[in-house]
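Input: a single structure, listed below in structure tokens.
Taken together, the values in this text are just the output of simple stated rules run on the coordinates, not laboratory data. For clarity, every value in this text was computed on a predicted model and none was experimentally measured. Glycine gets a Cβ as well: all are built from the backbone with ideal geometry, and neighbour counts include every protein chain shown.
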Amino acid sequence: MFQNVIVKKPCRAIVDGISTAGLGLPDYELALKQHACYVEALKKCGVSVTELPADEAFPDSCFVEDVAVLTRKFAVITNPGAPSRKREVEAIIPVIEKFYPADRIEFIKAPGTLEGGDIMMVGDHFYIGTSARTNKEGGLQLISLLEKYGMSGEMVPLSEILHLKTGLSYLEDNNLLISGEFLKNPVFDKFNKIVVPEEEAYGANCIWVNGTVLLPAGFPTVQKAVEALGYPVIVVDTSEYRKVDGGLSCLSLRF
Ligand code: CIR
């Protein structure tokens, strides 16, 4: 169960965020409204939400998931692989210090790079996507930190999408939403796979929060499949974040 969630308001500079989507520029006012709905949905799941102010210096800074990995035993401040995002970590450190003692805050160090979107938690085991943003050195550093705290991790290479969780969402109870290049990876064979069709690929990025699943709006096949598993669902429109390659998981740190 999660007690806390950290989110960060989008800034006007979100229009300059890194994007490969080809869907046009985000509408800032709509992005703000969608963010407020996202926060409301999280609160309905019984978590306490810490909302950080917008930071105009960093266009992608609302995607707060990427700057930290928060486990039940310790926190990791990442070293984002995207050069424009590296210094986003400076603002998150004092926030993480409010929740974790100083001796339980660890750091990914250069030449290691790692972004939280590449990390999927399954109990005390963590899947680490090696991507354009997270390199093997960063993955090895995280695995050795996990082992220090009695947990474990393994690396999963990916090449076609941004982050591991762009294409995978663990919904607890062994249920895994899975899409695209991960379908043929035997690493995930032990899960109950809920296959996301190609045309709904963006819908593979959902979040489980205390038994409820938050889903992006506009992905009916994914929604039906998640509902069929018995989860209560809250649909949240993330259209403006999709324009800068972001989704539901990217917008929060849940711990
Ligand atoms: C980026 O490219 O870094 C942002 N425009 C999107 C980050 C999405 N984060 C995530 O999937 N965890």
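Here are some conditions: (1) within 15 Å of the ligand (Cβ to nearest atom); (2) among the β-branched types (Val, Ile, Thr); (3) free of Cβ contacts under 8 Å to residues at least 40 places away in the same chain. VAL196 meets all but one. Which one does it not meet?
In the conditions (1) within 15 Å of the ligand (Cβ to nearest atom); (2) among the β-branched types (Val, Ile, Thr); (3) free of Cβ contacts under 8 Å to residues at least 40 places away in the same chain, VAL196 misses (1) alone.
From the list GLY230, GLY138, GLY218, GLY246, which one is without any contact (Cβ under 8 Å) to a residue 60 or more places away in the chain and in contact with a Gly (Cβ under 9 Å, 6 or more places away or on another chain)?
The match here is GLY218.
Sort out which residues of segment 103-127 are away from the ligand (no atom under 16 Å from the Cβ), part of a helix (DSSP H, G or I) and under 12 Å from VAL76 (Cβ atoms), and write them in order of number.
ARG104
Tell me, please, whether a residue that is surrounded by fewer than 20 Cβ atoms within 10 Å (Cβ to Cβ), touching a strand residue (DSSP E or B) at 6+ places or on another chain (Cβ under 8 Å) and aliphatic (A, V, I, L, M) can be found in segment 161-172.
The answer is yes; a qualifying residue exists.
In this structure, does THR130 turn out to be polar (S, T, N, Q), within 13 Å of the ligand (Cβ to nearest atom) and touching a residue at least 24 places away in the same chain (Cβ under 8 Å)?
Against the criterion (polar (S, T, N, Q), within 13 Å of the ligand (Cβ to nearest atom) and touching a residue at least 24 places away in the same chain (Cβ under 8 Å)), THR130 does not qualify.
Count, please, the residues in segment 144-170 that happen to be over 20 Å from GLU181 (Cα atoms) and either within 14 Å of the ligand (Cβ to nearest atom) or in a loop (DSSP other than H, G, I, E, B) (or both).
Number satisfying all stated conditions: 3.
Looking only at segment 206-255, count every residue that is assigned to a helix (DSSP H, G or I) and either over 19 Å from SER179 (Cα atoms) or away from the ligand (no atom under 16 Å from the Cβ) (or both) and tell me the total.
Going through segment 206-255 one residue at a time, the tally reaches 13.
All but one of (1) crowded, with 21+ Cβ neighbours inside 10 Å; (2) touching a residue at least 60 places away in the same chain (Cβ under 8 Å); (3) over 24 Å from VAL7 (Cα atoms) hold for LEU158; state the number of the condition that does not hold.
Unmet for LEU158, out of (1) crowded, with 21+ Cβ neighbours inside 10 Å; (2) touching a residue at least 60 places away in the same chain (Cβ under 8 Å); (3) over 24 Å from VAL7 (Cα atoms): (2).
Inspect all residues belonging to segment 13-25 and state whether any of them is surrounded by fewer than 17 Cβ atoms within 10 Å (Cβ to Cβ), closer than 27 Å to ILE143 by Cα and in contact (Cβ under 8 Å) with a residue 60 or more places away in the chain.
no
Yes/no matrix, rows are residues, columns are (1) hydrophobic (A, V, I, L, M, F, W, C); (2) surrounded by 21 or more Cβ atoms within 10 Å (Cβ to Cβ); (3) over 17 Å from the mean Cα position of the chain (by Cα):
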site	(1), (2), (3)
PHE63	yes, yes, no
ALA68	yes, yes, no
ARG72	no, no, no
ARG87	no, no, yes
PRO94	no, no, yes
LYS98	no, no, yes
ARG104	no, no, yes
